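To keep things clear, I will list the structure first and then write my remarks on it.
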Amino acid sequence: MRFGFDIDDTLINLREHAFILYNQKLKKSISREVFHALKRVEIHEPFGLTDEQGKNMWKNSLEEIYYTTCPPFPGAVETLLELEKQGHEIYYITARPKEHGERTITWMKEQGFPVRDDRFFYGMQDDEKVHIIKNLELDYYVDDKPAILDTLADESALLLLKDQSYNRHVEDMHRLVDWSDFTSFIK
């Protein structure tokens with residue numbers, strides 16, 4: 001079978017990692033409970049930053065956010081390794097900027113993810129991402145953005161929404177809360 005995965009906030013805990021970095025950089029101690037209650041993808045509001053300031057903070061912190069100690073979600077690496085061991089094809093489709101693509105591939109390999117360069121797509125807008133996903137004719141696709149999955153609703157792939165505080169308002173999608181539950185979706 002063919003499995004497709006978004007990366008940020010689907011396989012790796014990027015936003016929470018960034019939230020911790022913001023606390024350090026801004027010398028704050030805003031609790032993780034505040035993070036887990038956020039209703040938006042953006043994380044800057046609890047730090048008192050405007051949308052423009054938040055955008056700049058994110059952009060100026062990308063190096064640290066992407067390539068330091070961002071952890072995979074528990075069970076994510078093991079799940080993908082098991083899929084690979086079973087002979088399935090694994091594809092990564094991320095909207096990470098093009099200039100971060102090659103380093104992201106290397107970083108993902110260093111984290112233990114089974115990555116083949118020819119099955120790693122990056123540097124696109126969401127509409128291009130949807131086009132790539134459709135062309136790959138996946139059997140399963142996992143993402144944290146409901147809008148991406150909504151656009152794919154007519155495809156034959158089983159779509160899974162990786163649970164995040166900002167997507168809990170969506171009720172009509174298969175929801176992946178814990179990576180240890182992934183195999184129950186594919187049986």
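The values are calculated or read from the model by the stated rules, or taken from the named source; none is laboratory data. Given the structure is predicted, the values throughout are model-derived calculations rather than measurements. Methodologically, a virtual Cβ is constructed for each residue, glycine included, from the backbone with ideal geometry; neighbour enumeration extends over all protein chains shown. Surface accessibility is based on the protein's heavy atoms, side chains included, excluding ligands, DNA and RNA. Shrake-Rupley method; radii C 1.70, N 1.55, O 1.52, S 1.80 Å.
Evaluate Rg over Rh across region 1-101, taking Cα atoms for both radii and Kirkwood's formula for Rh.
Across region 1-101, the Cα-based Rg/Rh ratio is 1.03.
Kirkwood Rh over Cα pairs of region 96-187 into Stokes-Einstein at 20 °C, 1.002 mPa s: D in µm²/s?
147 µm²/s
Taking the Cα atoms of region 134-187 alone, what are Rg (to one decimal) and Dmax (as a whole number) in Å?
10.9, 30
Mind checking which of Asp127, Asp143, Asp172 has the largest fluctuation in a GNM of the chain, springs on alpha carbons under 10 Å?
The residue with the greatest mean-square fluctuation here is Asp172.
Ignoring everything but the protein chains, give the 1.4 Å probe accessible area of Val41 in square angstrom, nearest 10.
70 Å²
Please report, in debye to the nearest 20, how large the charge dipole of region 40-187 is about its Cα centre when each Lys and Arg carries +1 at its beta carbon and each Asp and Glu carries -1 there.
The calculation lands at about 260 debye.
Could you check the spin-label model distance between Thr106 and Met1? Points 7 Å from the Cα along Cα→Cβ, value in nm.
Roughly 3.4 nm, to one decimal.
Along its principal axes, what span do the Cα atoms of the chain show, with the longest given first and each in whole Å?
Rounded to whole Å, the extents work out to 47, 35, 30 Å.
Please name which of Ile90, Leu49, Leu14 has its Cα lying farthest along the dipole of the chain towards the positive end, using unit charges on Cβ (Lys, Arg +1; Asp, Glu -1) and the Cα centre as origin.
With unit charges placed on the Cβ atoms, the residue in question is Leu49.
At 0.36 nm per residue, and after removing the present C-alpha to C-alpha distance, how many nm does the segment from Lys55 to His88 gain when stretched out fully?
Answer, rounded to one decimal: 8.1 nm.
Once you put a point 7 Å from the Cα of Ala37 and another 7 Å from the Cα of Leu81, both along the Cβ direction, what distance in nm separates them?
It works out to 3.7 nm between the two label points.
To the nearest 0.05, what FRET efficiency results for Lys134 and Lys187 with a Förster distance of 22 Å applied to their C-beta separation?
0.30
Beyond 24 Å between alpha-carbons counts as too far, so tell me which of Lys85/Lys145; Lys55/Lys134; Lys98/Lys129; Lys39/Lys109; Lys39/Lys145; Lys27/Lys162 fall in that bin.
Lys85/Lys145; Lys55/Lys134; Lys39/Lys109; Lys27/Lys162
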